[in-house]
Structure formats: C-alpha cells, structure tokens
Amino acid sequence: MVEKEWYKAWFNSPFYHKLYFERDEKEAQNFILNLLEHLQPAPESRVLDVACGRGRHSKFLASQGFDVTGIDLSFESIEYAKQFENESLHFYRHDMRLPMWINYFDYAFNFFTSFGYFPTRREHDDAIGTIAGSLKRGGRVVFDYLNVHYVEERLVHDEVKNISNTTFEICRWMDEDHFYKNIIINDPSIGAPQQFCEKVTKLNLGDFTDMLSFQGLQVVEVFGDYQLNSYDVRKTPRMIVVAKK
C-alpha cells in the first residue's frame, strides 16, 4: 500500500536527487531554451517554478533575465536552493494546493512530471487553482507531464541503476488510474536498504483540459517532446500543455 503522501519523505531524500538529477543538465536547459524561444516572454517577466525541487530550472530561468520564484513542499530542497538566491531569484517552501500570490506572475512552469501526486482529484484542482490565481490576465502556464498512453505501452517493469556507489532496484506497474514505481536503495552510507514507492495519477489531455478550464485557463498548445514537436497520443513521450489565463 503506497503511503498517502509518499512524496513528502521521498522528495526530502538525498537519494531522490541522486536518482533523477545527477545527470547532464544539457537536456533540461535546451528544453527551457526551446520554450523561451517559442513563448517569447518579455525581459524581466515574473516567472513561477512550481515544485522547483533544489532549483535547477529556476536558476537557469533567472540566468536568462527573468524574475523567478521557486516553490516546493520539501523543506530540505528549499533550504538547499536558498543558497542560490539573489535579487531576481527567490525560493519559498509552499504547498501548491494552498493559495499564494494573486495576479502576480506572467508565466508559471511545472517541469518533469511534478504533478499528479495527490490522492484526490479535488487536490489536483486546488493546485491548478493556485497556479491560475497566481497568474496575471493573459499569463501562461506550462505543464510538462508524461504521456499516459505512451508510458502504458512501453512500461519497463524491472530495472537496476548503479549511480556512483548507489544501487537502485526499480519495479514498475500500473492499474487503471495510476503508475507505481517501487525503489529499493542500497548504499554504503546507510545500514539496511531504504524503500520508497512513487504513485502518479494517469492524467490525459482531456483531464488537463477540464481541470484548466474549470480554473479559467484555456489550453492553447500541446507538444510531445522537449524539442516541441507535435503531440501524438501514441508516439510522443511527453505531454507538454500550454494554457492561457
């Protein structure tokens, strides 16, 4: 049984960052550059990075001349990110389900499937409501989400990853509504193996369109990968949704 709020412990673990983010930053930065070239935000636009983690996307956005605010639920991630703060880069520990700045940001970004973690639809609606409320009229939000149908057809059930001195034993499965990923961690720095289990809701384009529309946001574009090629429900790995207030 997956813990109701599994993400609180897992996202605070140093092994989460080791598994997902000890890699070349080039792909992430190229994706952001592609988005910026396409969206053409004005210089010094106010940007919200929702579920910013340790701030890798926020830092790069700030380096491109924008006023960036990163929020995340993880105390540890925000404490780490705060070392990079400056006059155009700020980090706050905040739950995306709760209200925050109103009519303040020009753009909001939610990268790397940092959504779909909550146990109820109402909580997902609340999170989108927070983002919608934070945007100025005419502002845009970008959700970088997995493509449910693509993942269903290509799910790798068992995998072992060795990163530095850490071994990650990964088991994936799914049911009608969710994807699951059980991760067993073996590392010399810990005694017994640690175990975490991710649970991500299967949200398709219709789900996002409905939730965004309910909060006064209209889907204007959908891309299928980090090169911003067209979305294909069966063939593209990502579902990158752009919506406007």
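Just so it is clear, none of the values below were taken in a lab; they were calculated from the coordinates. In this text the structure is predicted, and so the values were computed from the model without any measurement. Using ideal geometry, Cβ is built from the backbone for each residue, glycine included, and neighbour counts are taken over all protein chains shown.
Structure summary
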| item | result |
| --- | --- |
| In sequence order, calculated HN-Hα J values of the range 196-202 (Karplus, 6.51, -1.76, 1.60; Hz; x Gly/Pro) | 9, 9, 7, 9, 10, 6, 7 |
| Beta bridges per DSSP with both ends in the range 1-144, % antiparallel, nearest 5 | 5 percent |
| For the range 5-17, 3J(HN,Hα) per residue [Karplus equation, 6.51 cos²θ - 1.76 cosθ + 1.60, θ = phi - 60°, Hz, x = Gly/Pro] | 10, 4, 5, 4, 6, 5, 6, 8, 7, x, 6, 4, 5 |
| Cα-centred dipole magnitude for the chain, charges only on beta-carbon of K, R (+1) and D, E (-1), debye, nearest 20 | 320 debye |
| Anchor Lys82: lysines whose Cα lies under 26 Å away (excluding residues fewer than 8 positions away in-chain) | Lys8, Lys18, Lys26, Lys59, Lys136 |
| Rounded tilt (10° steps) of 205-214 against the dominant C-alpha axis of the chain | 50 degrees |
| Charge dipole magnitude, Cβ of K and R +1, D and E -1 - the range 1-106, Cα centre, debye nearest 20 | 260 debye |
| Amide hydrogen neighbours beyond the local backbone of Asn229, cut-off 5 Å, H modeled | Gly224 |
| Hz values of 3J(HN,Hα) by residue in the range 222-228 - Karplus curve (6.51, -1.76, 1.60), Gly and Pro given as x | 9, 10, x, 7, 6, 8, 6 |
| Relative contact order, percent, the chain [alpha-carbon distance under 8 Å, six or more residues apart] | 18 percent |
| For Ser45, distant residues with modelled amide H under 5 Å away | Asp67 |
| Computed over the chain, the ratio Rg/Rh where both radii use C-alpha atoms and Rh is Kirkwood | 0.95 |
| Estimated Rh, the range 151-198: Kirkwood, alpha-carbon pairs, angstrom | 11.7 Å |
